[in-house]
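Trainee: Here it is, the structure, as structure tokens.
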Amino acid sequence: MPSSPHGRGAARGDGSGGGQIVPEGRAVLRGTPVSPGIAVAPAFVFGDILDEIEVRGIDASEVEGETARLRDAITLVKQELLRDAKQVFRDLGQDKADIFLVHSMILEDKSVLDAILDSISSGHINAEAAVAKETKRLAAVLSSSDDRYLRDRAYDVSDIGKRVIERMLGVWAHCPLSQPMILVARELRASDTASMERGRILGFVTELGGTESHAAILARSLGVPAMVGVKGILDRVRTGEIVAMDGGRGVAVVDPTADTRAHYERMREDEARERHELASVLELPSVTRDGTEIALMSNVGSGEEARQAALLGADGIGLLRSEMVFMSAKLFLDEDAQFEVYRGAVEAVAGKPVSIRTLDVGGDKFVGPENPFHEHNPNLGYRSTRVMLDRPDLLLTQFRAILRASAHGPVRVLIPMISSVEELREAKARLEEAKSQLRLKGVAFDEDIKIGAMIEIPSAAMVADRLASECDFLSIGTNDLVQYTLAVDRGSSYVSRLYRPHDPSVLALIARSVEGAASAGKPISLCGEMAGTPAYIPLLIGLGLREFSVSNSRLPRTKKAIRDVDLGLAVPLADEAVAARTAADVGALLGLDGN
Ligand code: PEP
Ligand code: MG
């Protein structure tokens with residue numbers, strides 16, 4: 001290993017992360033790339049939370065609520081520990097899994113729990129402060145012990161205390177952010193990404209997480225470089241150390257050498273220049289070489305993103321993820337507050353269509369910091385429209401807000417996670433109910449508002465013709481369609497290599513959905529991240545799609561890809577891809593790296 005300007009052995013990458021040079025630094029780590037871009041900045045390592053908790057006095061009426069928050073967080077951490085223990089046992093054996101059992105035992109220790117509960121009920125302090133106090137006390141006792149085993153347990157106690165607090169607060173609660181930083185964390189949840197301060201985080205590096213988790217999608221839509229599945233990162237970097245990262249290749253260099261740092265800085269400048277050049281394509285029409293028009297819309301999660309979409313020349317908003325609005329606000333907004341956001345989006349794109357999707361919570365998205373339903377398999381559980389049909393109060397509130405926005409411009413209602421015609425019918429009936437409520441009050445709305453179903457579950461793709469005949473449009477959500485077709489959790493780093501949108505089975509379901517919509521004479525769009533990957537554009541156009549919706553940061557590349565398509569070549573390409581035997585064969589056809 002060559003000596004480095006740091007005067008110590010330097011870790012070297014394999015060269016692919018740095019272009020022409022081999023990246024060098026104290027550690028060169030690799031992970032799954034999820035959002036392209038270069039960042040060089042100090043790291044903020046999520047995890048030093050115990051000293052930063054705000055102690056808040058509470059009165060007697062708050063004790064019950066604080067105790068419930070504590071118990072919920074403990075239940076969640078127990079579930080996570082069990083999951084981690086099983087995984088580590090499978091991968092590394094019982095020895096390594098024992099640590100999780102130790103952590104579970106700490107969580108189950110009655111004297112510790114009683115002390116925390118006592119701080120809440122008698123000490124009258126908030127739950128997280130009570131956990132921090134007891135954790136620090138116990139860790140201090142253990143670390144002053146003569147017994148080496150007990151001294152070692154001090155670390156475990158702190159670790160578990162932090163985890164419980166993190167579950168109560170979310171990741172940003174203790175992030176100092178005095179300057180822009182690269183966030184290093186075990187895992188980022190969608191709620192953490194949604195509530196982050198824009199412009200202050202230059203990149204994400206996490207130990208866990210999958211390419212199509214909502215945290216990853218948000219990172220892409222914010223144009224923030226991100227990589228996931230970086231094993232051991234938390235032990236390799238400290239807060240304040242410089243990290244140079246390449247989110248497009250999945251390389252992070254901790255404490256880079258002067259040469260490597262300069263190289264990454266140059267890459268960042270080149271990238272900014274390239275982005276600038278690419279931006280000129282936005283002024284050109286979205287049309288293939290042979291003149292086929294393709295509508296190119298934007299996926300947004302806030303009024304601000306809708307305004308950006310308008311500036312970038314999007315043909316409208318193909319997907320407004322309403323849950324992102326609620327997640328940023330950390331609560332379910334009332335009708336008026338929702339209406340303001342939706343109207344803002346509608347006015348931002350002035351006359352172009354806006355598809356507002358009803359709340360899609362569950363899976364990896366929650367309005368609070370955690371999943372309130374405590375399911376073992378939340379993606380197959382109480383999620384999205386299943387929740388909303390059970391909660392007519394929430395659904396009617398949201399429908400009324402959307403309907404009111406439809407008086408200000410062309411609005412479409414999009415229903416997520418439809419798995420059957422019955423669910424669509426039920427949602428439509430609720431929409432009619434919301435219309436009647438507004439009519440009674442004399443409130444204006446578009447009587448002909450269009451309603452569409454998302455195709456993101458294989459069952460919906462199989463009956464797309466019947467769904468299309470009972471609604472006004474379809475929109476394919478490949479992020480979930482891939483997950484549910486291949487049984488690959490979109491948020492898991494362990495199976496992310498199996499998450500392949502170009503698997504022939506997925507293509508068959510997309511083709512079937514396009515045919516289903518055509519047979520009913522209804523339009524169909526595709527709003528999953530697949531459309532934001534330029535290599536898939538010829539294939540998707542060849543399959544018959546004529547409308548895409550992608551995040552703002554992907555608009556230029558997607559438009560360029562559309563303008564490069566020749567329908568005469570795209571159609572046979574799609575035929576060949578659908579008939580292929582393996583995802584690798586399709587990958588080779590499309591020229592995908594590593595297939
Ligand atoms: C999808 O599943 O492809 C989609 C667009 O919805 P989301 O990513 O929000 O689940
Ligand atoms: Mg989805």
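Trainee: Note down, for the stretch 473-581, the three equivalent ellipsoid semi-axes (square root of 5 times each alpha carbon gyration tensor eigenvalue), biggest first, whole angstrom.
Mentor: Details: eigenvalues 84, 56, 43 Å².
Square roots of five times the eigenvalues give 20, 17, 15 Å.
Trainee: Can I ask one more? As a test of the formula, what do you get for the chain when each DSSP H run with n ≥ 4 contributes -39,500 (n - 2.57) and the sum is divided by the residue count, at 222 nm and rounded to the nearest 500 deg cm²/dmol? Could the numbers behind the result be given before it?
Mentor: On the way: 23 runs with 280 residues, N = 595.
Roughly -14500 deg cm²/dmol at 222 nm, from the helical runs in the chain.
Trainee: Express as a percent, rounded to the nearest 5, the fraction of DSSP beta bridges in the chain (both residues included) that run antiparallel. Could the numbers behind the result be given before it?
Mentor: Values: 23 of 60 bridges.
If we restrict to bridges inside the chain, about 40 percent are antiparallel.
Trainee: Something else about it: Considering amide H positions built from the backbone, and no H for Pro or chain starts, which residues 5 or more places from LYS450, or on another chain, come under 5 Å of its amide H?
Mentor: VAL413
Trainee: Let me ask something else. Please work out how much length the chain gains when fully extended from ASP147 to ASP390, using 0.36 nm per residue of separation minus the C-alpha to C-alpha distance, in nm with one decimal. Mind showing how you got there, number by number?
Mentor: Details: separation 243, 0.36 × 243 = 87.48 nm, distance 5.50 nm.
Result for the pair: 82.0 nm of gain on full extension.
Trainee: List, in order, the whole-Hz ³J(HN,Hα) value for each residue of the stretch 60-73 obtained from phi through the Karplus relation with A = 6.51, B = -1.76, C = 1.60 and θ = phi - 60°; use x for Gly and Pro.
Mentor: Once θ is set to phi - 60°, the couplings for the stretch 60-73 become 4, 5, 8, 4, 4, x, 5, 5, 5, 4, 5, 5, 4, 5 Hz.
Trainee: Long-range amide H contacts for ILE58: which residues qualify at under 5 Å (H placed 1.01 Å from N, peptide plane, sequence gap of 5 or more or a different chain)?
Mentor: ILE125, ASN126
Trainee: While we're looking at this one, here's another question. Jot down the per residue volume, in cubic angstrom and as a whole number, of the convex hull over the alpha-carbon atoms of the chain. Mind showing how you got there, number by number?
Mentor: Details: hull volume 98.0 nm³, N = 595.
With only Cα atoms used, the chain gives 165 Å³ per residue.
Trainee: To continue, here is another question. Give me the distance in nm between label points sitting 7 Å out from Cα along the Cα-to-Cβ direction at LYS441 and LEU498, one decimal.
Mentor: 4.8 nm
Trainee: Here is a further query. Once amide H atoms are placed 1.01 Å from N in the peptide plane, what residues at a sequence separation of 5 or more from ALA27, or on another chain, have their amide H within under 5 Å of its amide H?
Mentor: The answer is ALA11, VAL254.
Trainee: Just check the stretch 180-292 against the gyration tensor rule for me: Cα atoms, a ≥ b ≥ c as the square roots of the eigenvalues, rounded for a/c under 1.5, and otherwise prolate or oblate depending on whether a/b exceeds b/c. Mind dumping the intermediate values first?
Mentor: Working: a/c = 2.33, a/b = 1.47, b/c = 1.58.
Here the stretch 180-292 falls in the oblate category.
Trainee: I would also like to ask the following. Output the 0 to 90 degree angle, nearest 10, between the alpha-carbon long axis of helix 421-441 and the longest principal axis computed from the alpha carbons of the chain.
Mentor: Rounded to the nearest ten degrees, it is 80.
Trainee: Which translational diffusion coefficient, to the nearest whole µm²/s, is obtained for the stretch 361-429 from the Stokes-Einstein equation, given a Kirkwood hydrodynamic radius over C-alpha pairs, 10 °C and 1.306 mPa s?
Mentor: Details: Rh = 13.3 Å.
For these conditions, the coefficient is 119 µm²/s.
Trainee: Sticking with the crude label model, points 7 Å out along Cα→Cβ, report the distance from ALA487 to GLU340 in nm, one decimal please.
Mentor: 4.8 nm
Trainee: Still on this model: Mind listing the phi-derived Karplus ³J(HN,Hα) values for the stretch 509-519, rounded to whole Hz, using 6.51, -1.76 and 1.60 with θ = phi - 60°, and x for any glycine or proline?
Mentor: In residue order, the calculated couplings are 6, 5, 4, 5, 5, 5, 5, x, 5, 4, 5 Hz.
Trainee: Using the Karplus curve 6.51 cos²θ - 1.76 cosθ + 1.60 with θ = phi - 60°, work out ³J(HN,Hα) for each residue of the stretch 202-211 in order, rounded to whole Hz, and write x for Gly and Pro.
Mentor: Karplus values, whole Hz, x for Gly and Pro: 8, x, 10, 10, 10, 6, 10, x, x, 5.
Trainee: Let me ask something additional. Quick one: what Rg and Dmax do you get for the stretch 291-588 from the alpha carbons, in Å?
Mentor: When restricted to Cα atoms, the stretch 291-588 yields Rg and Dmax of 18.4, 59 Å.
Trainee: Could you sort TYR484, TYR382 by accessible area so the largest value comes first, with the probe set to 1.4 Å? Each step should come with its number before you reach the end.
Mentor: Numbers: TYR484 40, TYR382 65 Å².
Putting TYR484, TYR382 in descending order of accessible area: TYR382, TYR484.
Trainee: Right, another one. Could you work out how far apart the two model spin labels at ARG307 and SER121 are, taking each label as a point 7 Å from the Cα in the direction of the beta carbon, and quote it in nm?
Mentor: Taking the two extended label points, one gets 5.0 nm.
Trainee: Apply 1/(1 + (r/R0)^6) to the Cβ-Cβ distance of ALA258 and ARG90, taking R0 = 51 Å, and write down the FRET efficiency to the nearest 0.05.
Mentor: Given R0 = 51 Å and the Cβ-Cβ separation, E is 0.75.
Trainee: Ok, one more. Hey, got a sec? Which GluC sites (Glu not before Pro) in the stretch 195-239 land in a DSSP loop and have at most 15 other Cβ atoms within 10 Å?
Mentor: GLU197
Trainee: Here is a further query. What are the extents of the Cα atoms of the stretch 212-352 along their three principal axes, listed from largest to smallest and rounded to whole Å?
Mentor: The Cα atoms of the stretch 212-352 stretch 52, 46, 21 Å along the principal axes, largest first.
Trainee: Could you put LEU320, LEU380, LEU573 in order of accessible surface area, largest first, with the 1.4 Å probe and the full protein assembly present?
Mentor: Working: LEU320 0, LEU380 115, LEU573 35 Å².
Sorted descending by solvent-accessible area, the residues read LEU380, LEU573, LEU320.
Trainee: Okay, next question. Hand me the GluC sites (Glu not before Pro) from the stretch 412-451 located in a DSSP loop with no more than 11 other Cβ atoms within 10 Å, in residue order please.
Mentor: Working: sites: GLU422, GLU423, GLU426, GLU432, GLU433, GLU447; in loops: GLU447.
For GluC sites (Glu not before Pro) across the stretch 412-451 that sit outside H, G, I, E and B with at most 11 neighbouring Cβ atoms in 10 Å, the list reads GLU447.
Trainee: Starting from the Cα gyration tensor of the stretch 384-519, multiply each eigenvalue by 5, take the square root, and state the resulting semi-axes largest first in whole Å.
Mentor: Details: eigenvalues 193, 52, 29 Å².
Taking √(5λ) for each eigenvalue gives 31, 16, 12 Å, largest first.
Trainee: How large, in Å, is the stretch 50-169 by the Kirkwood hydrodynamic radius built from its alpha-carbon pairs? Please report the intermediate quantities before stating the final value.
Mentor: Working: mean 1/r = 0.0673 Å⁻¹.
By the Kirkwood definition, the hydrodynamic radius is 14.9 Å.
The values are calculated or read from the model by the stated rules, or taken from the named source; none is laboratory data. Here the structure is a predicted model, which means the values were calculated and not measured. No Cβ is skipped: glycine too gets one built from the backbone with ideal geometry, and neighbour counts run over all protein chains shown. Heads up: the accessible areas ignore ligands, DNA and RNA and are worked out on the full protein's heavy atoms, side chains in. Shrake-Rupley method; radii C 1.70, N 1.55, O 1.52, S 1.80 Å.
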